Amino acid sequence: MKKGVVNMTFNAFVQKLYPLCSNGKMPADFVIEVLSEMTTEQDDSIFDKGNDYLKKIYNGTKFISQKSASAILTKIDKTKFDSFLYERLSDDALIELAASFESEIGNVTKDDVTTKLIDLLVSIMKQIATKRKGTTNTVAPVTNIDIEKVLAEIVNNLAKTPQEKLDVVLKYIPFNVDKKILSTNALLKKDIKDDVVDYYTYIEYLFKNATKENTSLFDRVGEAIKYASDNYISQGLPQQSVFDYMVAWLKQKAASANETACKIMISFFVQNCEVFHEIT
């Protein structure tokens, strides 16, 4: 890494924080919380953005502007962010957080991980604020071939994970997505259906191919996904929150940084009955 260059984006930072630190918040609300907890005042226009815009920042399809990053840097409160993490997380969660960010902040302990994280976050903001016009926030287009390659990598990575003993039973009884997603979650329902139409057959092929060498793979992955999903559902979280948590869970489980591919994979398991239950 070149000196002074931070090899991490803001959306990648908040996505890594999300599974441990979001406390049930939606991704858009969590983006605002992170920005609020690192600043003394919240008077920049970024704090007035709507949920759709903020969720796109979380996903990496929209970005914090140079102007907003510069304004945030003038209001930085490192102690406030440090306290925010310490008050929210247990010692075990701080240890897990340190492990999650090891590639960015090095081998740290639960006692200094929060200090290192706010330093990293400030560095990310500085990089946004100082990039030359015309080079900031450019994203290469994602093709179906790219996504299929990442989906294959996710299945391969899941095949390498150790088997867990989980108290869960797979039912193998399919229900239409319309019978599992509430009518009030129309956008979530549409996204899942679109993913299923585009990629269900391909993902099914990937698992069939992988189970030739690892016959228990599909059941093992299904059990892990159902166990995690049922845990989030039991907390009374909204369906959109459960879905977002499952995407974050899969990113960590499969060691994948690709948000889109992980959403597609979770959509597959919604259709395949391991995520969400029939509405009664």
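Of all the listed residues (Phe81, Phe101), the sole one being surrounded by 15 or more Cβ atoms within 10 Å (Cβ to Cβ) and at pLDDT 90 or above is Phe81.
Condition first: at pLDDT below 90 and assigned to a helix (DSSP H, G or I). Now tell me which residues in region 104-114 satisfy that. Matches in region 104-114: Glu104, Ile105.
Per the listing Lys55, Lys126, Lys25, the residue uniquely of a type in the set (Lys, Arg), surrounded by 14 or more Cβ atoms within 10 Å (Cβ to Cβ) and farther than 30 Å from Ser234 by Cα is Lys126.
Scan region 214-230 and give yes if some residue there is closer than 20 Å to Pro162 by Cβ, open to solvent by less than 20 Å² (accessible area, probe 1.4 Å), modelled with pLDDT of 90 or more and under 21 Å from the mean Cα position of the chain (by Cα), otherwise no. No: region 214-230 contains no residue that is closer than 20 Å to Pro162 by Cβ, open to solvent by less than 20 Å² (accessible area, probe 1.4 Å), modelled with pLDDT of 90 or more and under 21 Å from the mean Cα position of the chain (by Cα).
Among the residues of region 69-116, those that are under 25 Å from Asp44 (Cα atoms) and touching a residue at least 40 places away in the same chain (Cβ under 8 Å) comprise Ala69, Ser70, Ile72, Leu73, Ile76, Lys78, Lys80, Phe81, Phe84, Leu85.
Of the candidates Ile72, Ile64, the single residue that is surrounded by 15 or more Cβ atoms within 10 Å (Cβ to Cβ) and in contact with a strand residue (DSSP E or B) (Cβ under 8 Å, 6 or more places away or on another chain) is Ile72.
In region 252-271, the residues that are within 15 Å of Ala228 (Cα to Cα) and at pLDDT 85 or above form Cβ pairs under 6 Å with partners that are open to solvent by 10 Å² or more (accessible area, probe 1.4 Å) and of a type in the set (Lys, Arg), at six or more places apart or across chains, as follows: Cys262/Lys251.
The values are calculated or read from the model by the stated rules, or taken from the named source; none is laboratory data. Everything quoted here is computed from the prediction, not taken from an experiment. All Cβ positions, even for glycine, are placed from backbone atoms using ideal geometry, and neighbour counts span all protein chains on display. These accessible areas exclude ligands, DNA and RNA; they are computed on the full protein's heavy atoms, side chains included. Shrake-Rupley method; radii C 1.70, N 1.55, O 1.52, S 1.80 Å.
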